[in-house]
1. 7 Å from Cα along Cα→Cβ at both residue 211 and residue 186: what's the point-to-point distance in nm?
2. Whole number in Å², please: accessible area per residue of the range 122-179, 1.4 Å probe, ligands, DNA and RNA not counted.
3. Taking 35 Å as R0, compute the FRET efficiency from the Cβ-Cβ separation of residue 49 and residue 133 and round it to 0.05.
4. Quick one: 3J(HN,Hα) in Hz for the range 162-167, Karplus 6.51/-1.76/1.60 with θ = phi - 60°, rounded, Gly and Pro as x.
5. So how far apart, in nm, are the two label points at residue 110 and residue 145 if each is 7 Å from Cα heading toward Cβ?
6. Which loop-located GluC sites (Glu not before Pro) does the range 172-214 contain, where loop means any DSSP state but H, G, I, E or B and the Cβ has at most 14 other Cβ atoms within 10 Å?
7. Ignoring any ligand, DNA or RNA, what whole percent of the accessible area of the range 140-214 comes from carbon and sulfur when the probe is 1.4 angstrom?
8. Based on alpha-carbon centroids, what's the gap between the range 175-212 and the range 135-172 in Å, whole number please?
Amino acid sequence: MALEQRTLTLLSPMLACTMRLRGMAWLVLPLFLLSGCASDNTRSDTWIDFSQIKDDEVMVLGKISIIPTVIGQDLKQETDTFEPFADERALLWLSAEAGETGERLGLLADWDDAFYFAVPRQTMRLLGLERAFEEDDELVYIPLLLPEIMKFLIRADDKAIYIGNLRLYIDEFDQIVALEVVDEYEAAQKAFQRRFGTTIRPRVSLLAPEFYFH
């Protein structure tokens, strides 16, 4: 059984804007050509079975969720007085290459729901996030600054991996004030088996700050 891992990271004021990550990404879905600035190599969660996944790809399952917070002194306090990012989606920018100039892959997921994506079978870095919402029948994107680059490992023999629940603490100014990665593998595995069957068992490879791997 995989050990639970929870990674808590506070926001650094020195972070550069994720807008500068827009280097060498390429376009795949015509839908996004007319729907805002995050129209690069973007995929939505549409997988039905493993026959759709290429030989050099692996399925990644996980979740990205929000906890609304208010900041008092140095304490993080949960609150239910507001709902950040209601009726929005999350865009996760991944890259298999070091630096910020390589090809990027955008994964469009629903907040607080499990996601399933096919990605190249290479160790991946989570470079940044964006909020996605509809405005005048077009998708609009707003950068959401991560405290730091995250990473998850993919092995050559992996068929499916579980990267955890990336839980974001969002303040009343729509900023990430902290994050943690929570291992919810048991529930995630059951949901995976209901959707894809029991032939393949996802391996746990939780997201972690990139510096953990050095």
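The values are calculated or read from the model by the stated rules, or taken from the named source; none is laboratory data. On a predicted model such as this, the values are computed, not experimentally measured, just so you know. Cβ atoms come from the backbone with ideal geometry, glycine included; neighbour counts cover every protein chain shown. Side chains are part of the model used for accessible areas, which takes the heavy atoms of the whole protein and leaves out ligands, DNA and RNA. Shrake-Rupley method; radii C 1.70, N 1.55, O 1.52, S 1.80 Å.
1. Output for this residue pair reads 3.4 nm.
2. 40
3. That pair, residue 49 with residue 133, gives E of 0.70.
4. Calculated HN-Hα couplings, in order: 10, 9, x, 9, 7, 9 Hz.
5. Each label point lies 7 Å from its Cα, and together they span 3.1 nm.
6. 172
7. That fraction is 51 percent.
8. So the two Cα centres are separated by 12 Å.
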